[in-house]
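Working notes, structure below.
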Amino acid sequence: MKSQIAVVGIDGSGKSSIVDFICQYINSHSRKKATVKRAKGPNAVLMEKYAQGLEDNINSLLKFYAYSFDLLEKVDQISNGQSDFDVIIWDRHIPCLHAYFSPLYIETNVVDPLFKGLSMPDIYLYLDVDPKVAYERIKKRGAIKQLETIDFLYKVGIEYNNLCTATNMIRIDANQNIVEVRKSIVEIIEGDIL
């Protein structure tokens, strides 16, 4: 049976770096084969390209559905056995849809029934980081995107904290240095996945 780990958190929390670390760790410290799945796919890329001139609420709604369908397609593939890997590590998952699009007044729960009965992650790792810290990391990467302003990061952080309280997400303090974050994650992986 395949194991799945989803890494979630606000932009700038270190999701992509941690996802890559987890994959490398599992591949080098066990007999299991791991791979990374990124939730963003071709629908989201197209929406980002062509929805720019639209009103903000229409733009956001289109992006929400594009991200949702990209994720649904990948979850469906895993659920139907279209992967030769033992461990799937997700860079973003369903909680990201809720955390990012709820502050934009989109009824995000409308897509939840689409995922019913499909294979879901065994572990959700929430990289909890101060929005100010995340914003500084984002600035170092380059231009700030629409959903990366400091005010919006605070709103998304509140949504994640609410989700974390209501679900089985494991909170990781991503304000600490990367060595400590990795150590915390290795303890979880060693106990629950390997």
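The values are calculated or read from the model by the stated rules, or taken from the named source; none is laboratory data. No experiment lies behind these values; they were computed from the predicted model shown. In this analysis, Cβ positions are derived from the backbone assuming ideal geometry, glycine residues included, and neighbour counts consider all displayed protein chains. For accessibility, only protein heavy atoms count, side chains too; no ligands or nucleic acids. Shrake-Rupley method; radii C 1.70, N 1.55, O 1.52, S 1.80 Å.
For this structure, a couple of remarks:
- The number of residues in the stretch 161-180 being closer than 18 Å to residue 134 by Cβ, open to solvent by less than 60 Å² (accessible area, probe 1.4 Å) and in contact with a strand residue (DSSP E or B) (Cβ under 6 Å, 6 or more places away or on another chain) comes to 4.
- Residue count for the stretch 126-178, restricted to those that are among the β-branched types (Val, Ile, Thr) and under 12 Å from residue 14 (Cα atoms): 5
- Hits in the stretch 9-41 - residues which are without any contact (Cβ under 8 Å) to a residue 60 or more places away in the chain, surrounded by 13 or more Cβ atoms within 10 Å (Cβ to Cβ) and small (Gly, Ala, Ser): 34, 39, 41
- Of all residues in the stretch 58-76, those satisfying the criterion of being farther than 18 Å from residue 89 by Cα and under 22 Å from the mean Cα position of the chain (by Cα) are 59, 60, 61, 62, 63, 64, 65, 66, 69.
- If you go through the stretch 145-160 and keep only what is open to solvent by 80 Å² or more (accessible area, probe 1.4 Å) and part of a loop (DSSP other than H, G, I, E, B), you end up with just 145.
- Screening residue 171 with (1) in contact (Cβ under 8 Å) with a residue 12 or more places away in the chain; (2) of a type outside the set (S, T, N, Q); (3) assigned to a helix (DSSP H, G or I) gives one miss only, at (3).
- Screening residue 100 with (1) touching a residue at least 40 places away in the same chain (Cβ under 8 Å); (2) open to solvent by 50 Å² or more (accessible area, probe 1.4 Å); (3) hydroxyl-bearing (Ser, Thr, Tyr) gives one miss only, at (2).
- Residues (open to solvent by 10 Å² or more (accessible area, probe 1.4 Å), part of a loop (DSSP other than H, G, I, E, B), under 24 Å from residue 189 (Cα atoms) and not basic (Lys, Arg)) located in the stretch 65-97: 81, 82, 83, 84, 85, 86
- Hits in the stretch 11-38 (condition: in contact with a Cys (Cβ under 7 Å, 6 or more places away or on another chain) and of a type outside the set (S, T, N, Q)): 34, 36
- Residue satisfying condition, being part of a helix (DSSP H, G or I) and open to solvent by less than 20 Å² (accessible area, probe 1.4 Å), within set 44, 6: 44
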